[in-house]
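Okay, structure first, notes after.
Computed from the coordinates by the stated procedures, all read-outs in this text should not be read as laboratory data. Keep in mind it's a predicted model, so treat the numbers as computed, not measured. We place every Cβ from the backbone using ideal geometry, glycine too, and count neighbours over all the protein chains shown.
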């Protein structure tokens with residue numbers, strides 16, 4: 001006998017709970033649906049039973065959806081999560097996606113919206129989580145690009161990987177432009193294609209967008225796939241001259257040189273003086289550019305992000321996304337993505353808005 005999927009539905013409105021439970025139990029996969037009207041009750045159920053999917057309202061008294069997600073991501077990291085809201089709030093949507101949710105959905109009102117909602121939930125239940133991008137029915141990003149082109153449609157794909165954002169413009173079945181960090185055109189498209197995972201959503205078309213990509217989508221997808229394959233198969237290059245080895249007599253295995261190379265690529269962002277990338281989970285020496293001995297700064301990055309993570313969990317503020325500091329001789333900024341924290345030193349003359357945009361560009365190059 002095939003084991004039924006289990007859904008936990010959370011909302012403080014009992015009428016909503018009854019309506020959605022009726023809709024969800026009628027899905028083709030016939031899932032078992034349990035409900036909770038408070039965040040505390042939802043956590044208690046999750047701790048006592050194994051669920052495949054959590055669907056949570058965003059705004060609730062005492063513990064809202066974002067506070068609940070902070071706890072869920074820590075205690076149940078493999079649980080798929082959907083946030084639903086009556087309002088299409090970009091700020092809450094971006095924050096929710098940065099916390100690792102699978103989908104942000106507006107509460108359906110029309111028959112078409114109800115069908116879309118049910119299709120999305122069924123897709124999340126029936127498709128195994130193999131990593132990659134999460135979006136409409138968990139299709140991969142390249143699948144979506146190909147489907148949009150084959151259907152001769154026009155839209156904008158907004159791709160988010162942590163705090164980094166990229167966009168791909170499609171006009172009547174052709175990819176015409178892309179932006180990622182400070183990269184544009186085909187370079188940006190290849191950079192986005194190299195991201196290991198994230199979320200994407202389809203936005204309305206933007207008529208009149210200037211075309212920067214002139215290759216057909218067939219050749220563009222083929223060349224991009226070949227470039228990604230070659231990058232993965234290429235031998236690791238040596239570390240840049242500025243990244244010095246650890247002075248310990250018996251050093252642990254250093255971060256792969258490809259990490260140092262990505263920092264070298266990120267160092268081309270104007271105003272950057274040095275870079276350090278630290279794995280916040282596994283104990284290993286940092287990758288670095290522009291420093292003779294990066295270990296001391298790497299230790300500070302690790303201890304600081306650990307401290308802020310502890311405080312964030314205790315206060316239910318969510319995960320640390322960025323950190324900035326001003327010094328006598330220069331400025332320093334830190335940005336996080338999954339298990340990695342990247343710290344950059346900036347020229348003293350660089351204004352903070354430029355530093356913040358620069359950190360996003362650095363992260364875009366790091367994850368590509």
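Cα-based radius of gyration for the range 6-129, normalised by 2.2 N^0.38 Å, reads 0.96.
Residue separation of residue 317 and residue 86 scaled by 0.36 nm, minus their Cα-Cα distance, works out to 80.9 nm of gained length.
Here residue 211 and residue 106 are evaluated by their C-beta separation; at R0 = 45 Å the FRET efficiency comes out at 0.90. The overall shape of the range 257-367 is oblate: from the C-alpha gyration tensor, with semi-axes ordered a ≥ b ≥ c, the ratio a/c is 1.5 or greater and a/b is no larger than b/c.
What base-10 log of the normalised intensity I(q)/I(0) is obtained for the range 151-217 from the Debye formula, alpha carbons as equal point scatterers, at q = 0.14, 0.15, 0.24, 0.29 Å⁻¹? Calculated log10 I(q)/I(0) at the listed q: -0.36, -0.42, -1.06, -1.38. Remark: spin-label model distance residue 6-residue 47 equals 1.6 nm, labels positioned 7 Å along the Cα→Cβ axis. Full extension of the chain between residue 153 and residue 118 gives 10.3 nm of extra length, using 0.36 nm per residue less the Cα-Cα distance.
Rounded to the nearest 5, the antiparallel percentage of DSSP beta bridges internal to the range 6-129 is 0%.
Computing FRET efficiency as 1/(1 + (r/R0)^6) for residue 223 and residue 338, where r is the C-beta to C-beta distance and R0 is 30 Å, gives about 0.65.
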